[in-house]
Amino acid sequence: MTNSHYVNRRVLRINVGFLLAEGVGYQRELELDYPRVQLGDDLELDNLRGTVRLSRNSRGILVQADLETTVIMECSRCLTPTLVPVPLEIEELFTYPPLDDAAYSVEETGFLDLAPLLREEAILAMPMGVLCRPDCLGLCSECGQNLNEGPCNCEPDDIDPRFAILRDHLDDEETNTHHE
Ligand SMILES: [Zn+2]
Ligand SMILES: [Zn+2]
């Protein structure tokens, strides 16, 4: 990324070698505060903030995170890019030594990469239907104008083509009934 506001996702790779060396029960808290982290081509987290607690247990490192971030999603009615707050409450074990069948593992080198976990959790936490505002008027189905910016010039009695098909269908049925 050439944009200087982006923080390289490698900041989410944390050296936990010191925790692995300590006994079970040892823990460490980290504060995250990043303006923008790109997690893959299709997802960026803005203002990623909060606390990550890393605890050494007998199976590896338990990650407990209480984070908040915002993502940009399209309004489902008018397609305007909309900031959406996404809270991330995470509890996940990173096994150590690494296990092939574990969802997440600490790398042999002692690094723990939070990026894939945060990506997965953020995608799960993103709402399905986002509105830019509760009373978004959406786009005109005829001309595509964003009706939040004002009415378009389409005739007010224009009927959505999907309803027009239904109406014609009903007309046919009525006609048939009359013929019987
Ligand atoms: Zn909208
Ligand atoms: Zn229109």
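Assess whether L99 counts as being touching a residue at least 40 places away in the same chain (Cβ under 8 Å), open to solvent by 80 Å² or more (accessible area, probe 1.4 Å) and assigned to a loop (DSSP other than H, G, I, E, B).
No, not satisfied.
Can you pull out the residues in region 65-95 that are open to solvent by 60 Å² or more (accessible area, probe 1.4 Å) and either over 30 Å from E149 (Cα atoms) or among the small types (G, A, S) (or both)?
D66, E68, S76, P87, E89, E91 - these are the residues of region 65-95 that are open to solvent by 60 Å² or more (accessible area, probe 1.4 Å) and either over 30 Å from E149 (Cα atoms) or among the small types (G, A, S) (or both).
In region 60-76, how many residues are under 13 Å from the mean Cα position of the chain (by Cα) and on the phi > 0 side of the Ramachandran plot?
Matching residues across region 60-76 total 0.
Taking the conditions exactly as written (within 16 Å of ligand 2 (Cβ to nearest atom) and farther than 25 Å from L20 by Cα), does C132 satisfy them or not?
Spelling it out, it is not the case that C132 is within 16 Å of ligand 2 (Cβ to nearest atom) and farther than 25 Å from L20 by Cα.
Report the residue count in region 47-64 for those that are open to solvent by 10 Å² or more (accessible area, probe 1.4 Å) and in a strand (DSSP E or B).
10
Given the criterion closer than 30 Å to V63 by Cα, modelled with pLDDT under 95 and out of contact with any His (no Cβ under 6 Å at 6 or more places or on another chain), identify the matching residue among D100, D172, D113, D160.
D100
Can you tell me which residue within region 11-36, out of those that are in contact (Cβ under 8 Å) with a residue 60 or more places away in the chain and touching a helix residue (DSSP H, G or I) at 6+ places or on another chain (Cβ under 9 Å), is least open to solvent (accessible area, probe 1.4 Å)?
For region 11-36, the residue satisfying everything is L12.
Across region 109-153, which residue is nearest to ligand 1 (Cβ to nearest atom) among those that are of a type in the set (D, E, K, R), open to solvent by 60 Å² or more (accessible area, probe 1.4 Å) and assigned to a helix (DSSP H, G or I)?
Among residues in region 109-153 that are of a type in the set (D, E, K, R), open to solvent by 60 Å² or more (accessible area, probe 1.4 Å) and assigned to a helix (DSSP H, G or I), the one nearest to ligand 1 (Cβ to nearest atom) is E149.
Can you give me the number of residues within region 23-46 that are hydrophobic (A, V, I, L, M, F, W, C) and part of a loop (DSSP other than H, G, I, E, B)?
Qualifying residue count for the region: 3.
The values are calculated or read from the model by the stated rules, or taken from the named source; none is laboratory data. Note that this is a predicted model, so its numbers are computed, not measured. As a convention, Cβ positions derive from the backbone with ideal geometry for all residues, glycine included, and neighbour counts pool all protein chains shown. With ligands, DNA and RNA removed, areas are computed over all heavy atoms of the protein, side chains included. Shrake-Rupley method; radii C 1.70, N 1.55, O 1.52, S 1.80 Å.
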